[in-house]
Amino acid sequence: VLNGYLAPSLLATDLAARGWNHQDLSTFLKHGMSAQGTMFNEMFPVFHNSTQGLNDPDLAAMATFLLGDQPPQAKVLSETSLDAMSPSAQRGRQDYLNVCAGCHAPNGEGKPHIAVAMRGNTTLRLEDPRNLLRVIEDGIGEQQFTGFERMQPMPGFADKLNHQQLT
């Protein structure tokens, strides 16, 4: 745990369980963003001061080091129909639509230069929810990435959502 954020496991099986493959991991290290999300808070300086300056062979070597020569298959999330959702999940979906969908879009696909996608986001796949809860409560500052990419700041919602809505 670093400044309240859990550093997720970098074991190849755990990375694959969160949807990482070799190409996405290389892209994430180079650009600070991928289909699995963006580097934020304690990881953002790693990207900003280090990995964005690496060349492609070095990025590929880092991805191979983390995932191995024979990487496990990246897990793909399946869609859950509204009918299959528990009442608690349906309430959570409604809270998402009320509070988050304006930026992250109704189906979680995100909006370029505004907000990252929630669909496939690795922070949502972590077993321990502390990083997600911390982001929802505290927000994230504006982030600048390579190639003029950026994400607008996300406000914190600690004063707007109750414990039940957060969990």
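Here is a yes/no grid of residues against (1) charged (D, E, K, R); (2) touching a strand residue (DSSP E or B) at 6+ places or on another chain (Cβ under 7 Å); (3) more than 27 Å from residue 138 (Cβ to Cβ):
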{"residue": "78", "(1), (2), (3)": "no, no, yes"}
{"residue": "87", "(1), (2), (3)": "no, no, yes"}
{"residue": "92", "(1), (2), (3)": "no, no, no"}
{"residue": "104", "(1), (2), (3)": "no, yes, no"}
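To keep it simple, each residue is scored yes or no on (1) within 19 Å of the chain's Cα centre (by Cα); (2) more than 23 Å from residue 130 (Cβ to Cβ); (3) surrounded by 13 or more Cβ atoms within 10 Å (Cβ to Cβ); (4) modelled with pLDDT of 95 or more.
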| position | (1), (2), (3), (4) |
| --- | --- |
| 34 | yes, no, yes, no |
| 38 | yes, no, yes, no |
| 46 | yes, no, yes, no |
| 66 | yes, no, yes, yes |
| 101 | yes, yes, yes, yes |
| 107 | yes, yes, no, no |
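Out of everything in the range 7-22 that is loosely packed, with under 15 Cβ neighbours inside 10 Å and in contact (Cβ under 8 Å) with a residue 40 or more places away in the chain, what residue ends up being nearest to residue 75 (Cα to Cα)? Before the answer, list the steps.
Initially, the range 7-22 is screened for residues loosely packed, with under 15 Cβ neighbours inside 10 Å, giving 7, 9-11, 13.
Those left that are additionally in contact (Cβ under 8 Å) with a residue 40 or more places away in the chain: 10, 13.
Numbers: 10: 15, 13: 10 Å.
Of everything passing the filter in the range 7-22, 13 is nearest to residue 75 (Cα to Cα).
So is residue 74 surrounded by 16 or more Cβ atoms within 10 Å (Cβ to Cβ), free of Cβ contacts under 8 Å to residues at least 40 places away in the same chain and touching a helix residue (DSSP H, G or I) at 6+ places or on another chain (Cβ under 8 Å) or not? Steps first, please.
Numbers: surrounded by 16 or more Cβ atoms within 10 Å (Cβ to Cβ): yes; free of Cβ contacts under 8 Å to residues at least 40 places away in the same chain: no; touching a helix residue (DSSP H, G or I) at 6+ places or on another chain (Cβ under 8 Å): yes.
Spelling it out, it is not the case that residue 74 is surrounded by 16 or more Cβ atoms within 10 Å (Cβ to Cβ), free of Cβ contacts under 8 Å to residues at least 40 places away in the same chain and touching a helix residue (DSSP H, G or I) at 6+ places or on another chain (Cβ under 8 Å).
Can you pull out the residues in the range 140-157 that are modelled with pLDDT under 95, assigned to a loop (DSSP other than H, G, I, E, B) and either among the small types (Gly, Ala, Ser) or within 18 Å of residue 89 (Cβ to Cβ) (or both)?
Residue satisfying the conditions is 141 alone.
Being aliphatic (A, V, I, L, M) and touching a residue at least 12 places away in the same chain (Cβ under 8 Å) narrows it down to one residue among 82, 54; which is it?
Working: 82 fails: touching a residue at least 12 places away in the same chain (Cβ under 8 Å).
None of the others qualify; the one that does is 54.
Please verify whether the range 53-64 includes one or more residues that are more than 21 Å from residue 20 (Cβ to Cβ), over 18 Å from the mean Cα position of the chain (by Cα), part of a helix (DSSP H, G or I) and at pLDDT below 90.
no
The values are calculated or read from the model by the stated rules, or taken from the named source; none is laboratory data. On a predicted model such as this, the values are computed, not experimentally measured, just so you know. Heads up, the Cβs are rebuilt from the backbone with ideal geometry, glycines too, and the neighbour counts pull from every protein chain shown.
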